[in-house]
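The values are calculated or read from the model by the stated rules, or taken from the named source; none is laboratory data. The model shown is predicted, which means the values in this text are computed figures rather than measured ones. Cβ sites come from the backbone with ideal geometry, for glycine too, and all protein chains shown count toward neighbours. Surface areas here come from the heavy atoms of the whole protein model, side chains and all, with no ligands, DNA or RNA. Shrake-Rupley method; radii C 1.70, N 1.55, O 1.52, S 1.80 Å.
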Amino acid sequence: MVASHASKAGRRYRYYISRPTEGAESSSMWRLPAPALETVVIEGSATLLENRLRLTDALHLAGEDLQRHWAAAARLAQQLQSSKPSRQRSILLKVIAGITVQTNRLDIDLRVPTLLVMLANRKVVDATPAKDEETFTLQLPIAIKRRGVELKLVVTDGQAQTPTPDPHLIRAIAQGRHWFTQ
């Protein structure tokens, strides 16, 4: 996928668009909103860093440094969730080797050696991956729902998602009811 954008009424809308392949139909191409995809990647990565059991398994952690690694992972997760987008981007570019979007899941390939260096509170010198570098694939279940030309990314973790109210829609409905009573 490649990054793209569109502008409408002075507002910029960012997307990730799948590259066209030879003989592919336009209906098979995807256009995902960038903020939604980026949020899923950030939250999924932070959740892994906060889950001690999955982190220990993914990074093959053991020994006396275990508590220190867990504390560093919690701090890194906090940085991912509360930092400015530029800081989030710099962290993710160092740690993520690749992201694959499929119809039912999102695969995030994390660089294990780089993540271990970051958790040891050492500076990552080179973020370019070696060909045989060990990676851990974080699989996030998702559902992709079509909304016109655009696709909507919905994280499906097996639990019922509580919908978030749209304040603009609520205001429009209230205004319509007010006009109707007048």
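Observations, loosely collected:
- Rounded FRET efficiency, nearest 0.05, which uses the C-beta distance separating Arg14 from Val117 and R0 of 30 Å: 0.50
- Accessible-area rank, largest first, for Lys145, Lys84: Lys84, Lys145, with all protein chains present and a 1.4 angstrom probe.
- Rh (Kirkwood; distinct C-alpha pairs) - the range 36-75, Å: 10.6
- Going by accessible surface with a 1.4 Å probe and the largest first, Val95, Val2 read Val2, Val95.
- Ellipsoid semi-axes for the range 1-93, based on the Cα gyration tensor and the rule √(5λ), read 35, 18, 9 Å when sorted largest first.
- Between Arg75 and Ser7, the simple spin-label model (points 7 angstrom out along Cα→Cβ) gives 4.2 nm.
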